[in-house]
1. Name the pairs whose Cβ atoms lie under 9 Å apart, with the first residue in the range 28-46 and without any contact (Cβ under 8 Å) to a residue 60 or more places away in the chain and of a type in the set (S, T, N, Q), the second open to solvent by less than 60 Å² (accessible area, probe 1.4 Å) and assigned to a strand (DSSP E or B), and 6 or more positions between them or separate chains?
2. For the range 4-16, what are the residues that are touching a residue at least 60 places away in the same chain (Cβ under 8 Å) and crowded, with 17+ Cβ neighbours inside 10 Å?
3. What is the number of the single condition among (1) of a type outside the set (K, R); (2) closer than 30 Å to L202 by Cβ; (3) surrounded by fewer than 18 Cβ atoms within 10 Å (Cβ to Cβ) that Q73 does not meet?
4. Suppose we keep only residues that are of a type in the set (A, V, I, L, M, F, W, C) and over 21 Å from the mean Cα position of the chain (by Cα) within the range 40-65. Which one would you say is most open to solvent (accessible area, probe 1.4 Å)?
5. Of all residues in the range 235-244, which are surrounded by 10 or more Cβ atoms within 10 Å (Cβ to Cβ) and part of a loop (DSSP other than H, G, I, E, B)?
6. How about the range 1-19: which of its residues are modelled with pLDDT of 95 or more, over 18 Å from the mean Cα position of the chain (by Cα) and not in a loop (DSSP other than H, G, I, E, B)?
7. Among the residues of the range 192-205, count how many are surrounded by 17 or more Cβ atoms within 10 Å (Cβ to Cβ) and in a loop (DSSP other than H, G, I, E, B).
8. Report whether or not L117 is over 24 Å from F235 (Cα atoms) and surrounded by 15 or more Cβ atoms within 10 Å (Cβ to Cβ).
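The values are calculated or read from the model by the stated rules, or taken from the named source; none is laboratory data. Only a predicted model underlies this, so the values are computations on that prediction, with no experimental measurement involved. Backbone-built Cβ (ideal geometry, glycine too); neighbour counts: all protein chains shown. Heavy atoms of the whole protein, side chains included, go into the accessibility calculation; ligands, DNA and RNA do not. Shrake-Rupley method; radii C 1.70, N 1.55, O 1.52, S 1.80 Å.
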Amino acid sequence: MAKLYVLGSGIGLAGQLTAQARCVIEQADTVFALLAEPFALDHLRSLKPDLISLSDHYGRGRTRDQSYAEMVQRIVEALDHCERVAAVFYGHPGVFVWPSHEAMRSARLRGHEATMLPGISAEDCLLADLEIDPGFSGLQSYEAFDFLVYPRRYDPSVPMVLWQLAVLGDWRRERFETEPAWLEGLARLLMEHYAPDHKVALYEAVSFPLDSPRIEWIELQCLSRAGIGQATTLFVPPGAAPAPDLERLRSLGLEIDGLSEAKYQRIRRQQFES
């Protein structure tokens, strides 16, 4: 029985590769990689010279699903003649990486073991660069197309992250770009709960060590005219402050004497600072 290790390279090229992932790469019999930057691929080859890139499965005339299916097949077939196989994906291997999950499922169906090791994701970078503590304010996170198509219930008093703006509306999964009409539709949906001039951030994490993250604040009503790249994420700050539901607490038998909204906010700040 062979074992598949699914790893993440992190977002910041070689600097975010964990020691655990490095050890697995060095000891694996075969290593596959699907990364966004050639420099990161070169770094992995310094650890494993015979590393195999999966990027050649992309091609004109192929849908992303077709390319991903070929990648999965290639990874899983390697388990038939190798004891340890590693597959390295950009960022966190479990976040927006369909081939990683499918490769693990297929490997187990063949009787092999499969495990996923965590990597630094774009969300980790966003929380650090925008200085957001989800433990204090909560955090809502949606894929942009999913958020637009399905009737998601969200709270405007909680920060929200919308992912993959670059493929918004690409429901056939055939291209890697969005159209202004889809961005306009997303903005109109958000403006049902946020003011048109509500400031939102276009965010892109740092790939190269000497670069700075893209944090571009724009008015929500200007979203359709914004420059959207493959790595662009939309961050929507709260549109209003949360208020405690004292009546709900009483209905649950959890009444707290003298708890006002002002006192509640003060308590929350103290919790955050501690």
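1. Cβ pairs passing all conditions: T30/I52; T30/V85; T30/A86.
2. L4, Y5, V6, L7, G8, S9, G10, I11, G12, L13, Q16
3. It fails just one condition, (2).
4. The residue in question is I52.
5. Of everything in the range 235-244, those that are surrounded by 10 or more Cβ atoms within 10 Å (Cβ to Cβ) and part of a loop (DSSP other than H, G, I, E, B) turn out to be P237, P238, G239, A240, P242, A243, P244.
6. Of everything in the range 1-19, those that are modelled with pLDDT of 95 or more, over 18 Å from the mean Cα position of the chain (by Cα) and not in a loop (DSSP other than H, G, I, E, B) turn out to be K3, L4, Y5.
7. 3
8. The answer is yes for L117.
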